[in-house]
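The values are calculated or read from the model by the stated rules, or taken from the named source; none is laboratory data. Computed from a predicted structure; not experimentally measured. Reconstructed Cβ throughout: ideal geometry from the backbone, glycine too, with neighbour counts over all protein chains shown.
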Amino acid sequence: MTGLFNNPRRRLRTLIKQARKEKNSVEREKKYDEALEYGHGIEKKLEHDPDIAFIIGTIYYIKGDSQKTLEYMNNVLEIGIFDLDALAIKASVYLNLKNREKVIECCNKIKELDPKNKSLFEIEEELKKI
């Protein structure tokens, strides 16, 4: 029964929700840092869990750390090569870095998997602007 109450993914998501709700930017950053600390503490034990890597990568994305975001999204894609959300986040990071070639590469992979993907259309529209 204790397994039901000891779900690391749920705990990590709860920490992120708490951070999002925080109005004070300093406190919000502290909450995201707390979530990252917890995530790093469980990631070795759950290293083959793409959800944990995705959640940690998403926190880095929110915090604006492109390098770490890409590192974690690449880890997600090593485990699950068909993860559309990870591909979309990678494309978004490359958009922010104005790396057209990498954005197009991510978009092409998304098109192969889901040609009608909503994120794909949004990313392609943003790509036209750079």
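Residues of the range 74-100 that are closer than 25 Å to residue 25 by Cβ and part of a helix (DSSP H, G or I): 89, 92, 93, 95, 96. Here residue 108 meets each of (1) touching a helix residue (DSSP H, G or I) at 6+ places or on another chain (Cβ under 9 Å); (2) in a helix (DSSP H, G or I); (3) farther than 16 Å from residue 69 by Cβ with one exception, condition (1). Screening the candidates 79, 59 for the property of being farther than 25 Å from residue 121 by Cβ and surrounded by fewer than 19 Cβ atoms within 10 Å (Cβ to Cβ) yields one hit, 79. Flag not set for residue 42, criterion: without any contact (Cβ under 8 Å) to a residue 40 or more places away in the chain and not in a helix (DSSP H, G or I).
Among the candidates 23, 31, 44, the residue that is among the charged types (D, E, K, R) and in contact with a helix residue (DSSP H, G or I) (Cβ under 8 Å, 6 or more places away or on another chain) is uniquely 31.
Residue 41 passes every criterion in (1) farther than 28 Å from residue 111 by Cβ; (2) within 14 Å of the chain's Cα centre (by Cα); (3) of a type in the set (Gly, Ala, Ser); (4) loosely packed, with under 14 Cβ neighbours inside 10 Å apart from (2).
Taking residue 92, is it over 23 Å from residue 8 (Cβ atoms) and crowded, with 20+ Cβ neighbours inside 10 Å? When the stated conditions are applied, residue 92 passes them.
Among residues of the range 54-67 being more than 8 Å from the chain's Cα centre (by Cα) and small (Gly, Ala, Ser), the one that is farthest from residue 80 (Cα to Cα) is 64.
When we screen 51, 114 for residues that are in contact with a helix residue (DSSP H, G or I) (Cβ under 9 Å, 6 or more places away or on another chain) and in the same structural domain as residue 10 (by TED's automatic domain parsing), the only hit is 51.
Condition check ((1) farther than 23 Å from residue 20 by Cβ; (2) modelled with pLDDT of 95 or more) across all residues:
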residue: 31; (1), (2): no, yes
residue: 34; (1), (2): no, yes
residue: 49; (1), (2): no, no
residue: 58; (1), (2): no, yes
residue: 63; (1), (2): no, yes
residue: 68; (1), (2): no, yes
residue: 71; (1), (2): no, yes
residue: 81; (1), (2): yes, no
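Of the residues making up the range 19-43, those that are closer than 19 Å to residue 75 by Cα and charged (D, E, K, R) number 2.
Residues in the range 95-130 that are over 18 Å from the mean Cα position of the chain (by Cα), of a type in the set (Val, Ile, Thr) and surrounded by 14 or more Cβ atoms within 10 Å (Cβ to Cβ): 104 only.
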